[in-house]
Amino acid sequence: MKQLFFATVCFLFVSCTSEKKIMDSWLGSHKSELIEQNGPPDRVASNGSGGEVLVYSHQFYFNGQVFYRHKFYYCDSGGKIYRWITKGGQVPPTQLVIY
């Protein structure tokens, strides 16, 4: 049991580290490059400063319930990506509150 727990913790740590590297690699890139690589976002919203927030969402099921994994890419008015965050939960992309 301890070995399974340790293996799970190691897997999650490596997965998060890899995801952070991938997400960080987009910083400074133009949003058109992101869209070219990943396709159109599931949602686009204003960032409140003349730029945009591009939202990519992945839907999955767990124990019969629907969950979402959202990736937010914040772009300045010139289209350069300057920030990213990820969120998970049961809120679909069309109902997200973006700030």
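The values are calculated or read from the model by the stated rules, or taken from the named source; none is laboratory data. Being a predicted model, the structure only gives us computed values, none of them experimental. Don't worry about glycine lacking a Cβ; one is built from the backbone with ideal geometry, like all the others, and counts go over all protein chains shown.
Structure above, values below:
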| read-out | value |
| --- | --- |
| Breaking point among (1) surrounded by fewer than 10 Cβ atoms within 10 Å (Cβ to Cβ); (2) at pLDDT 95 or above, for G64 | (2) |
| Residue match in the stretch 1-22 (condition: at pLDDT below 95, touching a strand residue (DSSP E or B) at 6+ places or on another chain (Cβ under 9 Å) and among the charged types (D, E, K, R)) | yes |
| Which numbered condition T86 misses (of (1) in contact with a helix residue (DSSP H, G or I) (Cβ under 8 Å, 6 or more places away or on another chain); (2) assigned to a strand (DSSP E or B); (3) surrounded by 14 or more Cβ atoms within 10 Å (Cβ to Cβ)) | (3) |
| Residues within the stretch 51-89 that are out of contact with any Asp or Glu (no Cβ under 7 Å at 6 or more places or on another chain) and either charged (D, E, K, R) or under 19 Å from L34 (Cα atoms) (or both), tallied | 21 |
| So G48, is it under 17 Å from I98 (Cα atoms) and surrounded by fewer than 18 Cβ atoms within 10 Å (Cβ to Cβ) | yes |
| Subset of the stretch 57-99 (residues that are under 13 Å from A45 (Cα atoms) and among the polar types (S, T, N, Q)) | S77, T94, Q95 |
| Single condition V97 does not satisfy, out of (1) of a type outside the set (S, T, Y); (2) exposed (fewer than 10 other Cβ atoms within 10 Å of the Cβ); (3) not in a loop (DSSP other than H, G, I, E, B) | (3) |
| Contacts under 6 angstrom Cβ, first residue in the stretch 62-80 being within 16 Å of Y99 (Cβ to Cβ), partner surrounded by 15 or more Cβ atoms within 10 Å (Cβ to Cβ) and of a type in the set (D, E), 6 or more apart | C75/E52 |
| Qualifying positions in the stretch 35-45 - in contact (Cβ under 8 Å) with a residue 40 or more places away in the chain and either under 14 Å from G78 (Cα atoms) or of a type outside the set (A, V, I, L, M, F, W, C) (or both) | D42, R43 |
